[in-house]
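J.: This is the structure I have questions about; it appears just below.
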Amino acid sequence: MKFSRLIVQVLLVIAVITSIVLSFFIWTNTARYQRGRNIDVTDAETNKNEIPMNQVISPTSVMWHDEDEQYLIYNSNENISLSIQKIMQDWKIGSPKLVTKKDGAYYQKVIQAKNTIQMVYPTAITTNVLGYLLNNDSLKDEDGKKFNRILVNLKDKKDQNIYLANDNNYAVYKAKVRNASAGPITKLVKKANINLKIRLDIMKHGVFTSYANPIKLQSYSYVVNGKKDGEYTTALFDSNANGLVTTEDNGVYSYNYGESKRLVSDHNTDELTFTDYTDTSVPKNQLAFLQRGYQKVINLQDSISNLRLYNANWKNKDLTFREYVEGFPIFKKSQFGSIEIKFSRQGSTEHFVNTVLEVPVPSNQAATKLKSTNDIFKGLQKAGFSLNDIEGLEVGYQWETEADNEKVVDLKPTYYIKIDGHWKAYEDWTNQTAEEE
Amino acid sequence: MDFKRIEVIFLIVFFSLDIFLFLSFRNSQQLVSSTSTNTSTVAEMRKRNISFGSLDSKSGYAYYLGSQPNDDLEENSSKLQDQKVEYEEANHTLASTLDSPISVTSSNRKKIMDEFIKKEKNILYGKNYKYAPQLSSQSQMVYVATSNLGDVYDKTNQLIFTISNGEVLGYTQTYIRSMIILHERQSIKSEKDVITNLYANSEIPNNSKIAYANLAYTKLLEAKGSTIYIPVWFVTIKNKDSKVSTTKKVNAFTGNIIKSSANGDSSYNAQ
């Protein structure tokens, strides 16, 4: 009697424990099941004809410092920065630790270190965003650490770290790396077919890339394409075209979709502004900020393989994208770049240029030889600007429409200088040519 | 005694609960495994009697290429022997009639013509061309230009032999001296992406065979006196009953299906 009762009790305990264990599994498993479905959805999305986010948000210039000199490098057959990013996806990068902050002299040493490759973003991003772009979990949890340079020493075997540096506050972070080898990157450096000698100078308004000697750069030509207003309204408004109000005033067309959405297309300047008054949530973190910006960009334009994030202003919730050619930004006739996106509680605004680069065509223009950066500074001083006025300096491509063929643009290199918050070509500031005579 | 009965009832209840939980646990796991995507499309295609070899899922890289027209064929046409040649400036095309036709059979024609084009007195720049069975037919043998960048399937860079009654009568030829890379390499769609996409767009009928799937450069447009080429997947689908073949073209950069216009030129359609 007693024995059988014991068995019943033991079995009961086992049954209860099994049910608890099973329910636990089901709970966690349904979670996994749901996550599995999400992954499926994102897979289907990346299968579409889309440029991945880590191409739009990627470093635009790559610099290599050998034993003696520092060079800006580029390979016109293969984008070095995208290739290095691909290599880095296999690295195991630990969480970054602060080395120093606000020490300009030390910072200069870091960004001028020998045998080091550095990739420079046009604007600072956070380690969390980098973790997302590289699909690296240990970086993903880190929030708030901002940087715009990634530095890797390719020769020093004892230094198993990558360094992240931020031009804005001279912060340097160091992160341990495993499962990495310098070999593939060294190979990419050797394959570069553009090597321009540079010096990185810390000035009042940040770090400037100075070209020590006059530089010879190719001109490029592209077939450009734009969309009709109707294509934007179908994509941006809910496809239902009823209730669309159109007004026209001196070539400025406005399309209103009720009170909620509005597209203004200026046919004189080829610029459009789209406002979505229903999109009133402001991104809560840096990653969401960039992800939502990226989503808006791919909704807006089809041909974005040359587009890069140019500036991210977290304070104003404002993103700027610009087209790049061979590692240099293109300055169109507009002030803001190619696409500007702003989030606010009143709704999001997208301001963009209709025309985009589509197909490269051989250029029949000769290469341009630009003055050294030092000569540019001298010219600016002669024109009455002090060095402290210069907020930014960049070699970029000027957008020139061909008179006889408006489907083709010529891109010609020149110096662009930012003074008083405005980017303008050197010619426009000084009435002098930036070309070496 | 009562307490013991309660224990037994509890035991039964919990056991049945365990069985229920176990079953639902297994169910949810099966749901997980059924959510895999692309492989199922491939299985579905096989089920619909569409046959094809193994599909390469590796996506590679390709370029935008550019070339400028030249008249090298005309300038060197005096090197050709035992044939009557005509040159058309507008299309930069050389047309030749052989003095003595070459007899071929469908089984040996590749071997004979491969040998023939190697000699400069027969064909100019013959070493730059390669036989392309995908573009050829009973009455035409098409040789395409090939280089380290890849093959070019385009009438601006081709060698076509005309065959009639088992005899090669002559040929037309176009030639491009060199292609230049216009832009850094870009990733392209894999063979598997392209074929599953064609299937999803109802471009591959049931009961058919994918005879060829080749990646080659083809003309996209002309601008500023140059011709621009892009990589395109040429997929030939053969109906198993009617034996009729159709070739679909897919832009390898974007994955978009290129619709051919009436004059045979692939119309420019990058979106």
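J.: Which of (1) crowded, with 22+ Cβ neighbours inside 10 Å; (2) polar (S, T, N, Q); (3) over 28 Å from B:Tyr63 (Cα atoms) does A:Ser338 not meet, given it meets every other one?
T.: (3)
J.: Also: State all residues of the stretch B:200-220 that are in contact (Cβ under 8 Å) with a residue 24 or more places away in the chain, surrounded by fewer than 19 Cβ atoms within 10 Å (Cβ to Cβ) and either in contact with an Asp or Glu (Cβ under 7 Å, 6 or more places away or on another chain) or of a type outside the set (Lys, Arg) (or both); if no residue qualifies, say none.
T.: Residues satisfying the conditions are B:Ala200, B:Asn201, B:Glu203, B:Pro205, B:Asn206, B:Asn207, B:Ala211, B:Tyr212.
J.: For the stretch A:124-222, give me every one of the helices (runs of 4 or more DSSP H) that falls completely inside it and has 1 or more residues that are aromatic (Phe, Trp, Tyr).
T.: Per the criteria, A:127-134.
J.: Here's a follow-up. Taking A:Asp410, is it surrounded by 15 or more Cβ atoms within 10 Å (Cβ to Cβ), over 22 Å from A:Asn213 (Cα atoms), of a type in the set (Asp, Glu) and over 20 Å from the mean Cα position of the chain (by Cα)? Walk me through how you get there before you give the answer.
T.: On the way: surrounded by 15 or more Cβ atoms within 10 Å (Cβ to Cβ): yes; over 22 Å from A:Asn213 (Cα atoms): yes; of a type in the set (Asp, Glu): yes; over 20 Å from the mean Cα position of the chain (by Cα): yes.
Against the criterion (surrounded by 15 or more Cβ atoms within 10 Å (Cβ to Cβ), over 22 Å from A:Asn213 (Cα atoms), of a type in the set (Asp, Glu) and over 20 Å from the mean Cα position of the chain (by Cα)), A:Asp410 qualifies.
J.: Working only within the stretch B:154-189, note down all residues that are away from chain A (no Cβ under 14 Å), in contact with a Phe, Trp or Tyr (Cβ under 6 Å, 6 or more places away or on another chain) and not in a strand (DSSP E or B).
T.: Within the stretch B:154-189, B:Tyr175 is the sole residue that qualifies.
J.: Considering only the stretch B:190-232, state which residues are part of a strand (DSSP E or B) and over 29 Å from A:Glu326 (Cα atoms). Before the answer, list the steps.
T.: Keep residues of the stretch B:190-232 that are part of a strand (DSSP E or B), which gives B:208-223, B:226-232.
Those that are part of a strand (DSSP E or B) and over 29 Å from A:Glu326 (Cα atoms): B:Ser208, B:Lys209, B:Ile210, B:Ala211, B:Tyr212, B:Ala213, B:Asn214.
J.: Mind listing whichever residues of the stretch A:270-328 are in contact (Cβ under 8 Å) with a residue 60 or more places away in the chain, within 30 Å of A:Thr209 (Cα to Cα) and within 14 Å of chain B (Cβ to nearest Cβ)?
T.: Across the stretch A:270-328, the qualifying residues are A:Ser303, A:Ile304, A:Ser305, A:Leu307, A:Arg308, A:Tyr324, A:Val325, A:Glu326, A:Gly327, A:Phe328.
J.: Considering A:Leu98, A:Leu130, A:Leu134, A:Leu72, which residue is aliphatic (A, V, I, L, M) and farther than 23 Å from A:Val207 by Cβ? Spell out the reasoning first.
T.: Values: A:Leu98 fails: farther than 23 Å from A:Val207 by Cβ; A:Leu130 fails: farther than 23 Å from A:Val207 by Cβ; A:Leu72 fails: farther than 23 Å from A:Val207 by Cβ.
Sole residue among the options that is aliphatic (A, V, I, L, M) and farther than 23 Å from A:Val207 by Cβ: A:Leu134.
J.: Which is farther than 22 Å from B:Glu75 by Cα, assigned by TED's automatic domain parsing to the domain that holds B:Ser106 and β-branched (Val, Ile, Thr), of B:Val168, B:Val194?
T.: Working: B:Val194 fails: assigned by TED's automatic domain parsing to the domain that holds B:Ser106.
Only one candidate passes the filter, namely B:Val168.
Quick grid of which residues meet (1) out of contact with any Pro (no Cβ under 9 Å at 6 or more places or on another chain); (2) outside the structural domain of A:Gly144 (by TED's automatic domain parsing); (3) surrounded by 15 or more Cβ atoms within 10 Å (Cβ to Cβ); (4) outside any helix (DSSP H, G or I):
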site: A:Val245; (1), (2), (3), (4): yes, yes, no, yes
site: A:Tyr253; (1), (2), (3), (4): yes, yes, yes, yes
site: A:Val264; (1), (2), (3), (4): yes, yes, yes, yes
site: A:Leu290; (1), (2), (3), (4): no, yes, yes, no
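J.: Restricting to the stretch A:85-101, count the residues that are assigned to a loop (DSSP other than H, G, I, E, B) and either more than 25 Å from the chain's Cα centre (by Cα) or hydroxyl-bearing (Ser, Thr, Tyr) (or both).
T.: Of the stretch A:85-101, the ones assigned to a loop (DSSP other than H, G, I, E, B) are A:89-91, A:94-96, A:101.
Now restrict to residues that are either more than 25 Å from the chain's Cα centre (by Cα) or hydroxyl-bearing (Ser, Thr, Tyr) (or both): A:95.
Total satisfying the criteria: 1.
J.: Looking at the structure I just gave you, is A:Ile84 within 14 Å of chain B (Cβ to nearest Cβ), in contact (Cβ under 8 Å) with a residue 12 or more places away in the chain, of a type outside the set (S, T, N, Q) and under 25 Å from A:Gly144 (Cβ atoms)? Explain how you work it out, then say what you get.
T.: Working: within 14 Å of chain B (Cβ to nearest Cβ): yes; in contact (Cβ under 8 Å) with a residue 12 or more places away in the chain: yes; of a type outside the set (S, T, N, Q): yes; under 25 Å from A:Gly144 (Cβ atoms): yes.
It is true that A:Ile84 is within 14 Å of chain B (Cβ to nearest Cβ), in contact (Cβ under 8 Å) with a residue 12 or more places away in the chain, of a type outside the set (S, T, N, Q) and under 25 Å from A:Gly144 (Cβ atoms).
The values are calculated or read from the model by the stated rules, or taken from the named source; none is laboratory data. Model, not experiment: these values are computed from the prediction. Backbone-built Cβ (ideal geometry, glycine too); neighbour counts: all protein chains shown.
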